[in-house]
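To start, the structure under review is shown below, and the notes come after it.
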């Protein structure tokens, strides 16, 4: 069970994973050793999966978000394994979800431009049999965060 200090540590590390243990400890009113033990425990318990750098998309020329809505008429383990392998192998896929409702799967894909999306689309449909694929291009990003509400 997380207490208020654990939650504060998680909020701080979500905002800036480069903070030193000493800096985190100061902000949560602990000494360094107990703070370090708490961080280690949060990692061991799976609250912290990994620490990463968040890259800026504009200098990398990856400014297009595409939401890909997929329908299939194949609802079996083999197809799902093939689809999952294909999605995992395509670095443009940032997120992939199995959905309820009218759409079976939803992907968020990040690419440079429409031509890059077209290449992605052709690669996807060549790897997995799909009943229907439709795409929507995001016009503007109103909010984006990686910070969970803890």
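Of 97, 121, 144, how do they rank once you tally other Cβ atoms within 10 Å and put the fewest first?
So the ranking, lowest neighbour count to highest, is 144, 97, 121.
Subtract the Cα-Cα distance of residue 146 and residue 67 from 0.36 nm times their separation in residues, and report this length gain in nm to one decimal.
Difference between extended and current length: 26.6 nm.
Under the 0.36 nm per residue contour assumption, what length would be gained going from the current alpha-carbon distance of residue 16 and residue 88 to full extension?
23.2 nm
Stretched out fully, how many nm does the piece from residue 57 to residue 29 gain, at 0.36 nm a residue minus the Cα gap?
6.5 nm
With the cut-off at 1.5 for a/c, could you classify region 64-137 from its C-alpha gyration tensor as rounded, prolate or oblate?
The shape class here is prolate.
Semi-axes of the equivalent ellipsoid of the chain: what are they in whole Å, largest first, if each equals the square root of 5 times a C-alpha gyration tensor eigenvalue?
38, 19, 13
Once R0 is set to 30 Å, what does the formula 1/(1 + (r/R0)^6) return for the Cβ-Cβ distance between residue 139 and residue 98, expressed as a FRET efficiency to the nearest 0.05? List each step's numbers first, then the result.
Values: r = 26 Å, r/R0 = 0.87.
With R0 = 30 Å, the Cβ-Cβ based efficiency is 0.70.
Cα axis of helix 32-44 to longest principal axis of the chain: angle in degrees, 0 to 90, nearest 10?
Rounded to the nearest ten degrees, it is 30.
D for region 4-44, whole µm²/s, Stokes-Einstein with Kirkwood Rh over alpha-carbon pairs at 4 °C and 1.567 mPa s: what number? Please list the in-between numbers first.
Details: Rh = 9.8 Å.
Using the Kirkwood radius from Cα pairs, D works out to 133 µm²/s.
Label region 96-141 by shape, choosing from rounded, prolate and oblate, from the square roots a ≥ b ≥ c of the eigenvalues of the Cα gyration tensor; if a/c is under 1.5 it is rounded, and otherwise prolate applies when a/b is larger than b/c, oblate when it is not.
Working: a/c = 2.27, a/b = 1.18, b/c = 1.93.
Here region 96-141 falls in the oblate category.
Run the numbers on the chain and let me know its relative contact order in percent, using alpha-carbon pairs under 8 Å that are six or more apart.
Working: 150 pairs, mean separation 42.3, N = 150.
Worked out over the chain, it gives 28 percent.
Measuring from label point to label point, each 7 Å out along Cα→Cβ, what is the residue 7 to residue 129 span in nm?
5.0
Can you compute the FRET efficiency between residue 114 and residue 77 using 1/(1 + (r/R0)^6), with r the Cβ-Cβ distance and R0 = 35 Å? Round to the nearest 0.05. Before the final figure, lay out each step's value.
On the way: r = 34 Å, r/R0 = 0.98.
Plugging the Cβ-Cβ distance into 1/(1 + (r/R0)^6) gives 0.55.
Throughout, read-outs are computed from the coordinates displayed, never taken from laboratory work. Not measured: the values here are computed from a predicted model. Using ideal geometry, Cβ is built from the backbone for each residue, glycine included, and neighbour counts are taken over all protein chains shown.
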